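The values are calculated or read from the model by the stated rules, or taken from the named source; none is laboratory data. The shown structure was predicted, so the numbers you read here are calculated from the model rather than taken from an experiment. With ideal geometry, Cβ positions are generated from the backbone for all residues, glycine too; neighbour counts draw on all protein chains shown. Quick note on the areas: whole protein, heavy atoms, side chains included, nothing else; ligands and nucleic acids left out. Shrake-Rupley method; radii C 1.70, N 1.55, O 1.52, S 1.80 Å.
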Amino acid sequence: LNGQRMDANVVVLGTDNVGKSALIVRFLTRRFIGEYGDIESFYTHNIVVDGREQTLNIWDAPYSQQDPSFETLLCEKRLQWADGLVLVYSICDRASFNTVSRLVHTIKTTKDFLGFEKMPIVIVGNKRDLHHRRTVLSEEGRLLALSADCQFYEVSAAENYHSVLMVFHGLVDRIRESRVSV
Ligand code: GDP
Ligand code: MG
């Protein structure tokens, strides 16, 4: 049975205020609280996916205020530690989408960082409930994910628990596939 068990380290990245903490807390507690502060947090959570028990370690990493270069970011220990990434933008925040776009292309194309191009990544457009303030089309997110071989979901941490569940379960699936294919 122990052989069936899997540990997966997940880092959630994105600029400030896109809802990274809201997504994680929603996934862990099913609740949307509204305010989360800016504390770097680490969670361990057991889930069952397809009948198999998984331990997810989730790192809620606030975006570095110093706006590091992407090369710096890639060298960081959180990326070395990660088995998979959740890259979050807000559909109401064009700049947050641009950041995710740059980040994903850097990770997928930088040959210096061996293995990172195979890192399972889920791109998440959050705050779907604020569609009246949308500045990033669904299609843009979908195309970005397609071009970088990532999964893509538009979600609302505020209003849709199921969509948030899909993000984390989808990533666990990808991490498991990537291990099988090694
Ligand atoms: P972080 O800085 O990326 O961790 O963002 P937070 O999780 O702290 O969320 C930033 C703000 O956006 C908070 O006021 C949240 O209540 C709000 N927020 C997060 N997710 C959603 C969402 O899906 N819809 C709406 N309307 N607001 C959200
Ligand atoms: Mg946060």
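Structure data summary
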quantity: For peptides 93-103, 49-59, sequence by mean Cβ density within 10 Å, most packed first; calculated: 93-103, 49-59
quantity: Solution diffusion estimate, µm²/s, Stokes-Einstein, segment 1-63, Kirkwood Rh from C-alpha pairs, 20 °C, viscosity 1.002 mPa s; calculated: 168
quantity: Estimated 222 nm signal from helices in the chain, with DSSP H stretches of n ≥ 4 weighted -39500 (n - 2.57), rounded to 500; calculated: -11000 deg cm²/dmol
quantity: Solvent exposure of the chain as accessible area per residue, Å², 1.4 Å probe; calculated: 51
quantity: Number of Lys pairs (Cα under 27 Å; 8 or more positions apart or on different chains) in the chain; calculated: 9
quantity: Two-site FRET efficiency, Tyr36 against Asn160, from Cβ-Cβ distance with R₀ of 30 Å, rounded to 0.05; calculated: 0.95
quantity: Estimated translational D of the chain in µm²/s (Stokes, Kirkwood radius over Cα pairs; 4 °C; 1.567 mPa s); calculated: 79
quantity: Segment 93-182 shape via C-alpha gyration tensor axes, a/c threshold 1.5; calculated: oblate
quantity: Accessible area of the chain belonging to carbon and sulfur atoms, whole % at 1.4 Å probe; calculated: 50
